[in-house]
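Asker: Before we start, here is the structure in question, set down as structure tokens.
The values are calculated or read from the model by the stated rules, or taken from the named source; none is laboratory data. All of these numbers come straight from a predicted model, not from anything done at the bench. Positions of Cβ are backbone-derived with ideal geometry, glycine not excepted, and every protein chain shown enters the neighbour counts. Just so you know, the surface numbers come from the protein's heavy atoms only, side chains and all, with ligands and any DNA or RNA stripped out. Shrake-Rupley method; radii C 1.70, N 1.55, O 1.52, S 1.80 Å.
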Amino acid sequence: MKVYTRVIFTGLLPLCAAGVTVEVDLNTGREAGGVTTFDRSKFITIHSSHTDSDWDGGQQGAPNALPDLLDDFMNGRDVYFGRDTGGISWQRRGNAYVKEDASKPGWVDGSTLVSEGLKSRNSYDSDTDVHAYEFRARTDIMCAQYSGFWPNGNVYNDWAISTNDSPSEPLGSATGDFIGRYLDNYYDNFGENPNGRPSPAYVEIINEPDWHLLDWTSDPDYGSATAEDLWRFHNGVADGIRAHNTNSLIGGFVTTFPDHDEDDFQEWEDEWKSFIDIAGAKMDFWSLHLYDFPSIGGGQRKYRKGANMEAMFDMIDYYSEKQLGVRRPYVISEYGAQTHDYNNQGWNAYRDWLRLKSCNAMMLAFMDRPHMMLKTVPFTVVKAEWGRNSSTGEPYGPRLMRQENEPESYTGDWIYTDLVKFYDQWANVKGARLDVTSDDPDIQVDAYADDEKVYLIINNLVDEISTVDLSLFDTYSNTVQSVLEKNLYWDGVGDVGSVALIETNHVGGIAQVQVGREGCVILEYTLSSPVQIEQTLSESKYYADSYLKVIHAGLTNSFHINSVTLGQSGRAELRIGFARAYGLSQQPSVKVNGVSVAVPGDLMGFEEDDRFQYFGMLHVPVDHAQLQENNTVDVVFPDSGGHISTVALRVIDDGQTVPPYIDIDYYEMLGTSIVLGFTNGPSDSYFALLSKTNLTDLTWFTNQTDLPSDAAGAGAVTNPAVYPQEFFRLMETDAPDIPIAGNIEFTAPDYMDGPLDGQQFWNAESGWSVADAEGSGRIETGSGGQAAVLDEPVQLTAGESYSLRILLEFTGSYSTPTNYVYAFLGGLKDSSAGESVGTGDTVAADANIQILEDQDTYRLLSNYATVSGASNIAGAPLNAGDLLQFDYVLTMGVDAASTVYTVRLQNLTDGTDTGAGTVSGVDAALYSALNGGGAYGFFQTINPGANNSGLNGVWVHSVMCTITP
């Protein structure tokens, strides 16, 4: 479809003719699940590791054309590593020193993994050239290959993995034991080992098992296994891993080609639904491989990009939430295109183009749900000599590098293929997400701002050239100084031509850009002054109470979407997934709360390809004002056949009800404090003081609360003025906080010197003890992995909040650590047992303090992920003796996914501050505890003295916890 868009840049560009509209609001940000920025480590990745020998020259006797390929590619284009499947597989199948346990057939001899792991870590330490790239490998994926790890009796290194399946040894236990021991011994184990390469953040249980076991029954490895066996294997492996290592997140089932609608949705029933039912509770994430088939069977096209992927994701999300109470995030560890018609023909540019256009389209879809994506990796490998055909010499397909004289001969230096143009085009993109819209579903858009730079991405899903008029809105009369256009398209006819990435520098603004057939354009604007984001829109998605309904002609399928939270203004769309034979209507009539809504006639991407039927998504705009807390959606098709797979409501709005703010009538400075007051506020009520240091921050942090106003409606508050720039707001509150344990200061007569465990309010591990109870009082530990748990249950209803404030300091003598240090952790967990949790534990809702390697910088993390909105504290080391204030506030939602918590760390000694950060969604088990018998506040040391940090313990001076109704 040809696109004519209207774009406005206030004070700069004229209003163009109306048509399909793409709009970017420079003053409005977007957040989804607390994510507000473009995370390059999540999206700009390659299917390789920093220890991959492919980065070196010498393969096929040829050098790299570039003297330092690793630096040119990774640093020159700001790329992050993605996935490693070879390391663990070689240890299982190729390392003869990794032995079977003589006393337990089918299980690895753990001592051999200890010794071989030490060799591996020491070898890594000696390879100093790659250490500078470790920060690009901190969120890597590790995956075990099918061969050697699936229990089918196949022998490698004179032994086969155990095939036992009994109550005492569930299927997969031996595989999980191997992987868990491997994680413990071959990596730095997140600072628990003194050396070694960075541990993987994500562990996939087994690579593409459905290919062997479910889809291709002619595979010699198929055997008699069922889908249920595979799911139980996932459970056994997950338990086996966690028996040794709880640091990395675990997921599956690394599905090859998820065709939910195959055989009238029987594949969905047999595979993904069954997997979630049986193994979902033990998975931390879902893992998928997504590929377009742009040329198969002599030119047929079978696409996932566009509406098909949207419908696929919504089915998994809906059922995950229904069955588990939470939507699991995703690891997309391979994606792109399979180029069947062009395989085994040598390298050619058109084959690269088929992959490039799929990667851009799919990545825009991943970026549209950034809070649900843990890691996404295009299947681009470096040289992949392991995949070269030993008979014909034909090299593997999706390679970053080729030899200069390919395809005529396999000779010459190693040079980039056209797949590098994906990374060239995205090399500069970063920043805060901006609000951007397109009312043509064939045009994908996204936008980001970083100081005076704006990056606008426009991708065309269909094979017609699109002309797009560019439009930016700004309320500050900001002007465009220049635009760098990077335009990627196929320059040719049919499969003859070349991949074009044309860079054009425009002086001043441009009013229009042309996007090629299935092409992508990235525009880098340079503005006269930094972008000012004044407000941020929040995105929420709500699923109906039912799914997978059969379509009958003229009959209404009704769906109920309840517990919707609406802000004051915004926009919304219905997402109606459906599968129907080609030729049947793709445009139903739709009512929302009894009122008909206009249904677009255009679907997202290709509306018909060579799949056996259409399975995709219809996006229906809905007036925000038409929505209410509980909604009914009626869908009627004019003809029979097929299914409505899911119905969901996506709401993007200001996320706020009318706030009870109080006008500040006066203020004054008293020394280093500020006094704020009002004379015409609520009478005989309570109010709180909120602040933030940057108006673009999502969260106002509560400084003081439970402040009274008098009968005349007057009140005042005095607060330290800590920062050179700080913004304040007064807000009425309903009632004072209800304390659970109030403020605990560890002083006599409530406490006495000695073990903390069993004293008032506490279950604690043996390392914690009370000290100086007759004086100022504190609890202290000199050990790592020591938990202190409040023994009073925390029970919340929707809208209630639990807060935990901890005043602490580290002991010892700080020294810049040689590797990452995980020092301290606090939050809520589902058990009152005085037992510590793993840093990567997903049931607990917590945050931890991490000190970065080789620099005097520290920050807050949730598991191993950064906390949206919380900044690093840099340039001021975390010295022993610094008084720290750790603040944690969890607000109960209507379900696990809508429950959020904010965290903040302040160094009260030097005045530095992370600011408040937000984590969205909690584990279903924790939500059930909060909603039932209770969860429990806790904190613990992790390993503050790791990696020569010089810190050797923690003192906690006081703990305050409250529930706010």
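Asker: What number comes out for the charge environment of SER832, summing +1 per Lys or Arg and -1 per Asp or Glu over other residues with Cβ under 11 Å away? All intermediate terms of the calculation are to be shown ahead of the outcome.
Answerer: Working: positive: LYS829; negative: ASP791, GLU792, ASP830, GLU835.
That works out to -3.
Asker: In whole Hz and in residue order, list the ³J(HN,Hα) couplings for segment 567-580 that follow from phi through the Karplus curve 6.51 cos²θ - 1.76 cosθ + 1.60, θ = phi - 60°; x for Gly and Pro.
Answerer: For segment 567-580, the Karplus-derived couplings read x, 6, 7, x, 9, 8, 8, 7, 10, 10, x, 7, 10, 8 Hz, x marking Gly and Pro.
Asker: Does segment 536-653 classify as rounded, prolate or oblate by the C-alpha gyration tensor (a ≥ b ≥ c root eigenvalues; a/c under 1.5 gives rounded; else a/b over b/c gives prolate, otherwise oblate)?
Answerer: Because a/c hits 1.5 or more and a/b exceeds b/c, segment 536-653 counts as prolate.
Asker: Shifting gears a bit: List the residues, sorted by chain then number, that are 5 or more residues from HIS47 or on another chain and whose placed amide H is less than 5 Å from its amide H.
Answerer: THR380
Asker: Considering only C-alpha atoms, what is the centroid distance from segment 126-202 to segment 455-533, in Å?
Answerer: 44
Asker: Ignoring ligands, DNA and RNA, what accessible area per residue does the chain give at 1.4 Å, in Å²?
Answerer: Here the residues of the chain average 36 Å² of exposed surface.
Asker: While we're on this one: May I ask for the net charge around ALA924, where only other residues with Cβ less than 15 Å from the Cβ of ALA924 are counted and Lys, Arg are +1 while Asp, Glu are -1?
Answerer: Numbers: positive: LYS282, LYS322, ARG327, ARG328, LYS829; negative: ASP277, ASP284, ASP317, GLU321, ASP830, ASP841, ASP895, ASP923.
Residues near ALA924 contribute -3 overall.
Asker: If the limit is 21 Å between Cα atoms, which of LYS383/LYS421; LYS541/LYS829; LYS549/LYS591 go over it? It would help to have the intermediate numbers written out before the result.
Answerer: Values: LYS383/LYS421 16 Å; LYS541/LYS829 26 Å; LYS549/LYS591 17 Å.
LYS541/LYS829, as the Cα separations exceed 21 Å there.
Asker: Here's something else I'd like to know. Eigenvalues of the Cα gyration tensor times 5, then square-rooted: what semi-axes does that give for segment 661-733, in whole angstrom, largest first?
Answerer: Taking √(5λ) for each Cα gyration eigenvalue gives 21, 14, 10 Å.
Asker: Taking the Cα centre of segment 661-733 as the origin and placing charges on Cβ (Lys, Arg +1; Asp, Glu -1), which of MET669, MET731, PHE701 is farthest toward the positive end of the dipole?
Answerer: PHE701
Asker: Whole-Hz Karplus ³J(HN,Hα) for segment 864-869, in order, using 6.51 cos²θ - 1.76 cosθ + 1.60 and θ = phi - 60°, x for Gly and Pro?
Answerer: Along segment 864-869, the couplings run 10, 9, 5, 9, 4, x Hz.
Asker: Among the listed pairs LYS104/LYS282; LYS42/LYS282; LYS302/LYS486; LYS322/LYS430; LYS375/LYS486, which are separated by more than 30 Å between their Cα atoms?
Answerer: Flagged as over cut-off: LYS322/LYS430.
Asker: Using +1 at the Cβ of each Lys and Arg and -1 at the Cβ of each Asp and Glu in the chain, identify which of CYS143, PRO395, MET372 lies farthest towards the dipole's positive end.
Answerer: About the Cα centre, the residue reaching furthest to the positive side is PRO395.
Asker: Just to be sure I follow: if Rg is taken over the C-alpha atoms of the chain and Rh is the Kirkwood radius over the same atoms, what is Rg/Rh?
Answerer: A ratio of 0.96.
Asker: Rounded if a/c is under 1.5, else prolate if a/b beats b/c, else oblate: with a ≥ b ≥ c from the C-alpha gyration tensor eigenvalues square-rooted, which is segment 405-444?
Answerer: Judged from the Cα gyration tensor, segment 405-444 comes out oblate (a/c at least 1.5, b/c at or above a/b).
Asker: So, counting K/R as plus one and D/E as minus one, what does the shell of residues with Cβ under 15 Å around TYR396 add up to?
Answerer: Local net charge: -1.
Asker: Assuming a ≥ b ≥ c are the square roots of the Cα gyration tensor eigenvalues, decide whether segment 400-493 counts as rounded (a/c under 1.5), prolate (otherwise, with a/b larger than b/c) or oblate.
Answerer: Cα axes put segment 400-493 in the prolate bin.
Asker: Could you list which residues have their amide H under 5 Å from that of LEU707, counting only those 5 or more apart in sequence or on another chain, with H placed in the peptide plane?
Answerer: Amide H neighbours of LEU707: PHE687.
Asker: Of VAL633, ALA847, ALA243, which is farthest on the positive side of the dipole of the chain, counting Cα position, with +1 on Lys and Arg Cβ, -1 on Asp and Glu Cβ, and the Cα centre as origin?
Answerer: Farthest along the dipole direction, towards plus: VAL633.
Asker: Okay, next question. Return the calculated 222 nm mean residue ellipticity for the chain, to the nearest 500 deg cm²/dmol, obtained by summing -39500 (n - 2.57) across DSSP H runs with n ≥ 4 and dividing by the residue count. Mind dumping the intermediate values first?
Answerer: Working: 11 runs with 123 residues, N = 965.
The helix-only estimate for the chain comes to -4000 deg cm²/dmol at 222 nm.
Asker: Long-range amide H contacts for TYR820: which residues qualify at under 5 Å (H placed 1.01 Å from N, peptide plane, sequence gap of 5 or more or a different chain)?
Answerer: Those lying under 5 Å, H to H, from TYR820 are GLU853.
Asker: Continuing with the same structure: Show me, for segment 154-161, the HN-Hα J-couplings you get by feeding each phi into the Karplus relation (A = 6.51, B = -1.76, C = 1.60, θ = phi - 60°), rounded to Hz, glycine and proline as x.
Answerer: 5, 9, 9, 6, 6, 8, 10, 5
Asker: Further question on the same structure: Whenever you get a sec, compute what percent of the accessible area on segment 475-630 sits on carbon and sulfur atoms (1.4 Å probe).
Answerer: With neighbouring chains kept in place, the figure for segment 475-630 is 47 percent.
Asker: Relative to the Cα centre, what is the charge dipole magnitude of the chain, using +1 at the beta carbon of each Lys and Arg, -1 at the beta carbon of each Asp and Glu, and rounding to the nearest 20 debye?
Answerer: That gives a dipole near 760 debye.
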